[in-house]
Amino acid sequence: MHTAAEERLIRPARNVFGSLRLPGDKSISHRYAMLGAFAEGVSRFSNFSTGADCASTLACMQALGAKVNKTNENAIEITGVAGRVTPALAPLDCGNSGSTMRMMSGLLAPQEGRFTLTGDASLSRRPMERIRKPLEAMGARLTLTEGHAPVTIDGAPLRPIDYTTPVPSAQVKTCILLAGLQTPGVTTVREAVRTRDHSELALRAFGARVQRGVEFVAITGGEGRALHAIDAVVPGDISSAAFFLCAAALFPGSGLVIDSLGLNPTRAALLDVLTALGANVSVLNLEEQHGELVGTVQVTAPAEGLGSTQVSGGLAAQLIDELPVLAAIGPYTSGGIRIRDARELRVKESDRIALVAKNLRAMGAEVAEFEDGLDVPGGQSLHGAAIDSGSDHRIAMAFSVAALRAEGETLIQGAESAAISFPEFFQLLDMVAER
Ligand code: S3P
């Protein structure tokens, strides 16, 4: 998909107030789409992600033989290939989506045929060695282009492995589990930090045999382990909610309610961080759907303003997608925000450490950049500026939030990138930002 570069002017707000329901979680939508397309039967998903990344996954799975039907707004029906894909004639275009490329490589490595996976300029710069290593250990044949996409896979039967991920990554873990699903025996993935566990939960929901311990997950794969279709409602995306939760935390007198939100404990660390900063966060109506926790979150800002916090160690990995917006509100806290052990931010859709620092400085803030993080001192006031989003959705949205409390207007360049995960972002921001 190619969309023309777009600029958005964000005016300061007086307050953030209202209630929202958000489109389906991007991570869960990718997994439901891949597993539904791979299973036997017809799966139905409502509140499916509206982001372009999940559309990339759906298009790839269609090219591999699954049938996808849009039944109404945000609801889809997928007829799966019952465990055997049709080799695609053309390269599979993963667009901007690292999740699509890394997870699908695991799904395809044990299949018969040759598959080529390509991506846009940003995805073609991102590291792919991290999937080649474990897949080759399983006997897969994978060719990269200097460690990057395009990825070419010559599918063949694999052998199980017991693998410890060197860098915590749910995408790499999922890649291995999807290969293990189709490999006779027990494939084990060990990780020092428990990364998001949507794959484990979704694989179980579709009928796979998954065992879990404190620091490992294992899948028993092979013939006779066909997945069956499911019906599911995708919980609202907490990484999209993060922009609104952080915005609400900035305005004493604010009030924001988000219902049907995904609150999987491996994804919800932001709520603890906002609480540590002094915000009042409550969770209501918790329920479980296919292993995923879903509930309503209510946030109000503290009258005395936000305090300070530090994100490091395992927390940095669990909060990785929320760090840009946390850093972007850092100047408005009293004691600042310190981020460490987040080197992975440099190899996301952009170098998010460099871009956060650059854009905070453009708005007049002082910030110190480290190889693996940032120090954003508190007690600063920002002014409107031209923001370079680097075509990165999370940078565009994070600085739209910072702009709400800046002096003057802020111009977000490359604002169309928000549609990668959250096409409705600007419209919803206008709904809850009082001016
Ligand atoms: C994701 C995992 C994370 C995250 C990405 C989505 C997933 O990436 O940053 O937005 O859905 O598994 P890594 O697994 O590379 O850390």
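The values are calculated or read from the model by the stated rules, or taken from the named source; none is laboratory data. Everything numeric here is computed off the predicted structure, so don't read it as measured data. In this analysis, Cβ positions are derived from the backbone assuming ideal geometry, glycine residues included, and neighbour counts consider all displayed protein chains. Ligands, DNA and RNA are excluded from the accessible area calculation, which covers all protein heavy atoms including side chains. Shrake-Rupley method; radii C 1.70, N 1.55, O 1.52, S 1.80 Å.
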- [ ] Take each of the peptides 9-15, 188-194, average the number of other beta-carbon atoms within 10 Å over its residues, and list them starting from the highest.
- [x] 188-194, 9-15
Open item on the list: Translational diffusion coefficient of region 1-40 at 20 °C, 1.002 mPa s, Stokes-Einstein with Kirkwood Rh over Cα pairs, in µm²/s as a whole number.
Closed with: 145 µm²/s
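Assign one of three labels to region 307-426, namely rounded, prolate or oblate, based on the Cα gyration tensor with a ≥ b ≥ c the square roots of its eigenvalues; rounded applies when a/c is under 1.5, prolate when it is not and a/b is larger than b/c, and oblate otherwise. Please list the in-between numbers first.
Values: a/c = 1.72, a/b = 1.11, b/c = 1.55.
Oblate shape, in that a/c is at least 1.5 and b/c is the bigger or equal ratio.
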Open item on the list: I'd like the orientation of helix 52-63 relative to the chain: the angle between its Cα long axis and the longest Cα principal axis, in ° from 0 to 90, rounded to 10.
Closed with: 10 degrees
Task: Carbon/sulfur fraction of accessible area - region 323-425, other protein chains in place, 1.4 Å, % - done: 46 percent
Task: Gaussian network model of the chain, Cα within-10 Å springs - most flexible of 337, 238, 76 - done: 76
Task: Sequence of 392, 231, 375 when ordered by accessible area, the most exposed leading, probe 1.4 angstrom - done: 231, 375, 392
Open item on the list: What FRET efficiency comes out for residue 424 versus residue 216 if R0 is 45 angstrom and r is the Cβ-Cβ distance? Round to the nearest 0.05.
Closed with: 0.75
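When the Kirkwood radius is taken over all Cα pairs of region 26-233, what Stokes-Einstein diffusion coefficient follows at 25 °C and 0.890 mPa s, in µm²/s?
Working: Rh = 16.6 Å.
Approximately 148 µm²/s, per Stokes-Einstein.
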TODO: Convert each backbone phi in region 148-163 into a coupling constant with the Karplus relation 6.51 cos²θ - 1.76 cosθ + 1.60 (shift: θ = phi - 60°), then list the ³J(HN,Hα) values in order as whole Hz, x for Gly and Pro.
DONE: 10, 5, x, 9, 10, 10, 9, x, 6, x, 10, 10, x, 9, 10, 10
Task: Helix axis angle, 393-403 relative to the chain longest principal axis, alpha carbon, degrees - done: 10 degrees
Open item on the list: Between region 284-357 and region 144-209, what is the separation of their alpha carbon centroids in Å?
Closed with: 26 Å
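Relative contact order (percent) for the chain, with alpha-carbon contacts under 8 angstrom and 6 or more residues of separation?
Values: 1094 pairs, mean separation 79.7, N = 435.
This gives 18 percent for the chain.
Grab the DSSP H runs of the chain that are 4 residues or longer, score each as -39,500 (n - 2.57), total them, divide by all residues and round the 222 nm result to the nearest 500 deg cm²/dmol. Show your work: numbers first, answer last.
Working: 13 runs with 127 residues, N = 435.
So the helix-based figure for the chain works out to -8500 deg cm²/dmol.
Suppose a student asked you for the relative contact order of region 187-311, using Cα pairs under 8 Å spaced at least 6 residues apart; what percent would you report?
Numbers: 206 pairs, mean separation 31.0, N = 125.
In percent, rounded to a whole number, it is 25.
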Open item on the list: Can you tell me what percent of all Cα-Cα pairs in the chain are more than 41 Å apart?
Closed with: 13 percent
Task: Label-point separation, residue 152 to residue 228 (7 Å along Cα→Cβ), nm - done: 4.1 nm
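Return the percentage of antiparallel bridges among DSSP beta bridges fully within region 26-233, rounded to the nearest 5 %. Mind showing how you got there, number by number?
Numbers: 28 of 38 bridges.
If we restrict to bridges inside region 26-233, about 75 percent are antiparallel.
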- [ ] Quick one: pull the percent of accessible area on region 26-233 belonging to carbon and sulfur, 1.4 Å probe, ligands and nucleic acids left out.
- [x] 51 percent
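Residues of region 26-233: accessible area per residue at 1.4 Å, in Å²? List each step's numbers first, then the result.
Numbers: 7850 Å² over 208 residues.
I get 38 Å² per residue for region 26-233.
Could you tell me the calculated FRET efficiency between residue 190 and residue 372, based on Cβ-Cβ distance and R0 = 22 angstrom, to the nearest 0.05? Before the final figure, lay out each step's value.
Working: r = 23 Å, r/R0 = 1.02.
E(calc), rounded to 0.05, equals 0.45.
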TODO: Kindly express, to the nearest 10 degrees and within the range 0 to 90, the angle between helix 352-362's C-alpha long axis and the longest C-alpha principal axis of the chain.
DONE: 20 degrees
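In terms of solvent-accessible area of protein heavy atoms at a 1.4 angstrom probe, what is the ranking of 130, 212, highest value first?
Details: 130 55, 212 80 Å².
Ranking 130, 212 by accessible area, largest first, yields 212, 130.
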